[in-house]
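So the structure is just underneath, and the comments pick up after that.
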Amino acid sequence: TPPDGRMIVIAVDQSNIRPGAAPPLLASAGNFLKLLSPADRVAFISYPAPGVAVDFTTDHAKIRGAMTRVTGAQSRHRGRFNIGIYEAKSIIDNRDEITLRSVVMRECAGMSGFELERCERDIEMEAGDMVTAQRLDTTMALRGLYDLMQDLALIEGQKNLILLSEGLILESGGGSELEEITRLAAMGRVTVNVLVMDVPRFVVTQ
């Protein structure tokens with residue numbers, strides 16, 4: 001590699017990007033490639049598997065082509081109720097009765113008796129399904145990032161990782177889940193830069 005050549009990895013956490021939301025983000029990343037030196041070697045990967053992957057190359061056009069094949073794979077909840085993931089986690093993980101009552105009042109308005117009781121049970125079941133799907137997304141994302149760090153640790157030299165995501169929800173005290181990934185990054189001389197996508201306001205609200 002020429003003295004001024006760098007090793008840059010662009011990684012997409014597709015388990016935490018909504019389906020169809022990746023193209024605008026990757027278009028910005030494609031513009032970033034235009035600013036690089038021809039000597040810079042770039043690799044691209046979208047994880048977890050199956051994902052698009054290109055090994056280190058100075059052919060930046062090849063990287064841009066790979067980016068166009070990425071789609072988000074975040075679990076898309078299609079339930080009966082309008083429940084936010086924060087509400088779902090509060091109901092299931094914290095057994096938060098105040099949040100549950102608030103959701104029931106909103107989603108079961110006008111109901112009474114047996115119908116209201118059934119609606120409340122359905123809300124708890126749907127919240128449980130949401131939390132289970134979110135945990136699966138997080139587990140897949142952390143495993144994909146861990147595997148990537150393991151691979152980069154085997155490559156000599158300083159690497160710069162640009163990680164693209166819409167965010168990662170960790171459990172309470174979940175910082176410990178990142179300790180091994182952090183250790184691998186240090187061992188592999190990987191500098192990590194995280195770019196979090198600007199999620200549309202209506203999505204944040206939901």
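Sequentially through segment 42-58, phi angles give Karplus couplings (6.51, -1.76, 1.60; θ = phi - 60°) of 10, 10, 9, 8, 10, 10, x, 5, x, x, 8, 9, 9, 6, 3, 8, 8 Hz, Gly and Pro residues having no value and appearing as x. Between residue 57 and 42, 43, the built amide H atoms are under 5 Å apart, and every one of these is 5 or more places off in sequence or on another chain.
Computed from backbone phi, the HN-Hα couplings of segment 126-131 come to 5, 4, x, 4, 5, 5 Hz, rounded to whole numbers (Karplus: 6.51 cos²θ - 1.76 cosθ + 1.60, θ = phi - 60°; Gly and Pro given as x).
For segment 87-100, the Karplus equation 6.51 cos²θ - 1.76 cosθ + 1.60, evaluated at θ = phi - 60°, returns couplings of 5, 4, 5, 5, 5, 7, 7, 9, 6, 7, 5, 5, 5, 4 Hz by residue, with Gly and Pro reported as x. Quote the FRET efficiency, to the nearest 0.05, computed for residue 143 versus residue 86 with a Förster distance R0 of 22 Å and r equal to the Cβ-Cβ distance. Step by step, r from the Cβ atoms, then E = 0.35.
When 58, 138 are compared by accessible surface with a 1.4 Å probe, the order from highest to lowest is 58, 138.
Listed by chain and number, the lysines whose alpha-carbon sits under 28 Å from that of residue 34, ignoring those within fewer than 8 places in the same chain, are 62, 159. Distant-in-sequence amide contacts of residue 52, defined by a placed amide H-H separation under 5 Å and a gap of 5 or more residues or a different chain, comprise 46. Taking every Cα-Cα distance in segment 98-159 and sorting them into 5 Å bins from zero, the calculated P(r) comes out as 3, 16, 15, 12, 10, 8, 8, 7, 6, 6, 5, 3, 2, 0 percent.
The values are calculated or read from the model by the stated rules, or taken from the named source; none is laboratory data. None of these values were measured; they are calculated from a predicted model. Here Cβ is always computed from backbone atoms with ideal geometry, including for glycine, and neighbour counts include all displayed protein chains. Surface accessibility is based on the protein's heavy atoms, side chains included, excluding ligands, DNA and RNA. Shrake-Rupley method; radii C 1.70, N 1.55, O 1.52, S 1.80 Å.
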